[in-house]
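Below is one structure, written out as structure tokens, with a few remarks after it.
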């Protein structure tokens, strides 16, 4: 069992606000570089055995949704057969592991009954669901990678995690990042002709007088094209970390025998963060650090 995935399941399901199907869909979307936030509501009705109807396990359903999300980028009609094949294999693997795909059979709880809801939380049954979620995510990601719908996990992380430990994936300039994608969605939502409306709205709220400047900034963020520090170099020109790690044949500074050193080229505050990031990666591992970055803003 992948401990980094289990850690994320616990963070989102046990200690966070999400339930089974929501958690699984979120983790698969993040693994594929997609923003999960607009998707989670679609999974809510599948939690607790399809909304407490003693139906299919929400963890499995969330994984099926994740497969559909990642395997149909060219459109469902073109990829439906592949999704069917992946889903069949996922269901078979899940059934072999747990002997059932039905929530009531797996947990022994009818979530329409308050007593069963209480028993689920207080008797340790809920811990089974963490295992269901972890396995569902693992198997779905494995299938998606095998068919080419997801990149190799280590390569995916390297592309989105700078050698200094900062998240390229959450940088406003990153081409496949959530910041750029969010700006693009907002741009599409406002449309190309919102400017005259902003002028009218300024009579009701003077904040709209700032729209022209805001629009320019939004356009800039929406067109981010950076592919990450490892390919284009750090946007902070004084930073020497990407070139230095290449010279030393390591992916992250903490892997270098000379870490910590003074070759980073960063000002004091950023250097402290660089060192702390790498020390933490050395302690908990790169995968766990990367997963933690997904839950934090890039600019603290």
Margin query: Any residue in segment 205-229 that is in contact (Cβ under 8 Å) with a residue 60 or more places away in the chain sitting within a Cβ distance under 7 Å of a residue that is part of a helix (DSSP H, G or I)? List the pairs, counting only those 6 or more apart or interchain.
Written below: 228/159; 228/160; 228/168; 229/168; 229/242
Checklist line | Filter result (over 24 Å from residue 179 (Cα atoms) and part of a helix (DSSP H, G or I)) within segment 54-76 | finding: 58, 59, 60, 61, 62, 63, 64, 76
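Checking the conditions here, which among 81, 30, 92 is assigned to a helix (DSSP H, G or I) and modelled with pLDDT of 90 or more? Even if it seems obvious, please write down each step before you answer.
Working: 81 fails: modelled with pLDDT of 90 or more; 30 fails: modelled with pLDDT of 90 or more.
On inspection, the qualifying residue turns out to be 92.
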Item checked: Selected residue [under 30 Å from residue 158 (Cα atoms) and more than 15 Å from the chain's Cα centre (by Cα)] from 27, 90 -> 90
Checklist line | Top-ranked residue of segment 232-243 - restricted to ones that are outside any loop (DSSP other than H, G, I, E, B) and touching a helix residue (DSSP H, G or I) at 6+ places or on another chain (Cβ under 8 Å), ranked as farthest from residue 169 (Cα to Cα) | finding: 241
Notebook entry, point to check: Filtering segment 175-203 down to residues that are within 18 Å of residue 228 (Cβ to Cβ) and not in a helix (DSSP H, G or I), which residue is modelled with the highest pLDDT?
Noted result: 175
Notebook entry, point to check: So how many residues does segment 151-172 have that are surrounded by fewer than 17 Cβ atoms within 10 Å (Cβ to Cβ) and outside any loop (DSSP other than H, G, I, E, B)?
Noted result: 3
Notebook entry, point to check: Out of curiosity, is residue 210 in the same structural domain as residue 264 (by TED's automatic domain parsing), part of a helix (DSSP H, G or I) and surrounded by fewer than 13 Cβ atoms within 10 Å (Cβ to Cβ)?
Noted result: no
Note to self: Can you tell me how many residues within segment 232-243 are out of contact with any strand residue (DSSP E or B) (no Cβ under 9 Å at 6 or more places or on another chain) and without any contact (Cβ under 8 Å) to a residue 24 or more places away in the chain?
What the structure shows: 3
Margin query: Against the condition within 14 Å of residue 163 (Cα to Cα), assigned by TED's automatic domain parsing to the domain that holds residue 239, modelled with pLDDT under 90 and surrounded by 17 or more Cβ atoms within 10 Å (Cβ to Cβ), how does residue 266 come out, does it pass?
Written below: yes
Check: Right, residue 17: under 19 Å from residue 124 (Cα atoms) and part of a loop (DSSP other than H, G, I, E, B) or not?
Finding: yes
Note to self: When you check residue 51 against the structure, is it over 13 Å from residue 141 (Cα atoms), assigned to a helix (DSSP H, G or I), within 16 Å of the chain's Cα centre (by Cα) and at pLDDT 95 or above, yes or no?
What the structure shows: no
Note to self: Being exposed (fewer than 15 other Cβ atoms within 10 Å of the Cβ), without any contact (Cβ under 8 Å) to a residue 60 or more places away in the chain and farther than 15 Å from residue 19 by Cα is the filter here; which residues of segment 101-150 pass it?
What the structure shows: 105, 108, 113, 114, 115, 118, 122, 123, 124, 146, 148
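The values are calculated or read from the model by the stated rules, or taken from the named source; none is laboratory data. All values derive from a computational prediction rather than experimental measurement. FYI the Cβ positions are ideal-geometry reconstructions off the backbone, even for glycines, and counts take in every protein chain you see.
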